[in-house]
Amino acid sequence: MLNANGLRNVLRHSTQNEHDRLDALIGNFSDLASYRSFLVGSYRFRKSLEATTAAIDFWQAELLLDELAQDLEELGGDSVRAPTAAVFANTPAEQLGLLYVLEGSALGARLLVRRAEALGLSATHGARHLAMQVRDPGRWRRFLDLLESQKDIDLALAVRGAQTCFSAALANFTEVHSEPAQCA
């Protein structure tokens, strides 16, 4: 049986390039305009996962769409255009791969919440979605326990789910960065 560290390592190794590209694309938001772009990209990406995560019955995914919408509204964001395409993960293995990316984003949120605080944002103003991501430090461990509990997982499908999820994030953030500023 492949344990969580084994599956986690396979997923991490198989998506390292995509992860690095996404980190570079998100960048270090150093002002409110770049933070608003981050919010728009985050909203579009998470919205693209809505149908798929609603169908997952073994884990409660947190898309944080309401919190992202509130953050955008508080910072003067215009209405956000829908994502280009929805993301689909039809098998439990693909769904686990997708969830690996989504749940792993909470680890990155620990750094991002400090950057948002440096801009004067908080859990009650403008950085609500980040605060929600970091509020439960045990969530990642519980997700790894779920990974560990999987028997006979199709690694190729799990990797495909993770890569599909990263591709959706990259597409949505790239689109936001290539558009004229949406927020005043």
Residue that is nearest to the chain's Cα centre (by Cα), among those in the range 100-129 that are farther than 20 Å from residue 165 by Cα, aliphatic (A, V, I, L, M) and open to solvent by 40 Å² or more (accessible area, probe 1.4 Å): 111
Flag for residue 167 being among the polar types (S, T, N, Q) and more than 13 Å from the chain's Cα centre (by Cα): no
Evaluation of residue 151 against (1) closer than 21 Å to residue 6 by Cβ; (2) open to solvent by less than 50 Å² (accessible area, probe 1.4 Å) (one fails), failing number: (2)
Cβ-Cβ under 6 Å pairs, at least 6 apart or on other chains, the range 66-89 side over 19 Å from residue 165 (Cα atoms), far side crowded, with 16+ Cβ neighbours inside 10 Å and among the aromatic types (Phe, Trp, Tyr): 80/43
Leading residue by the ranking (modelled with the lowest pLDDT) among those in the range 77-89 that are loosely packed, with under 13 Cβ neighbours inside 10 Å and in contact with a helix residue (DSSP H, G or I) (Cβ under 8 Å, 6 or more places away or on another chain): 84
Residue that is most open to solvent (accessible area, probe 1.4 Å), among those in the range 42-65 that are over 19 Å from residue 167 (Cβ atoms) and among the aromatic types (Phe, Trp, Tyr): 58
Candidate set from the range 109-151 (those that are in contact (Cβ under 8 Å) with a residue 40 or more places away in the chain and in a loop (DSSP other than H, G, I, E, B)); member that is nearest to residue 96 (Cα to Cα): 150
Filter result (touching a helix residue (DSSP H, G or I) at 6+ places or on another chain (Cβ under 7 Å) and within 25 Å of residue 56 (Cβ to Cβ)) within the range 106-121: 106, 107, 109, 110, 112
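The values are calculated or read from the model by the stated rules, or taken from the named source; none is laboratory data. Just so you know, these numbers come straight off a predicted model, no measurement behind them. Neighbour counts are summed over all protein chains in view; Cβ atoms, including those assigned to glycine, are modelled from backbone coordinates with ideal geometry. Note: accessible area is taken over every heavy atom of the protein model, side chains too, but ligands, DNA and RNA are not part of it. Shrake-Rupley method; radii C 1.70, N 1.55, O 1.52, S 1.80 Å.
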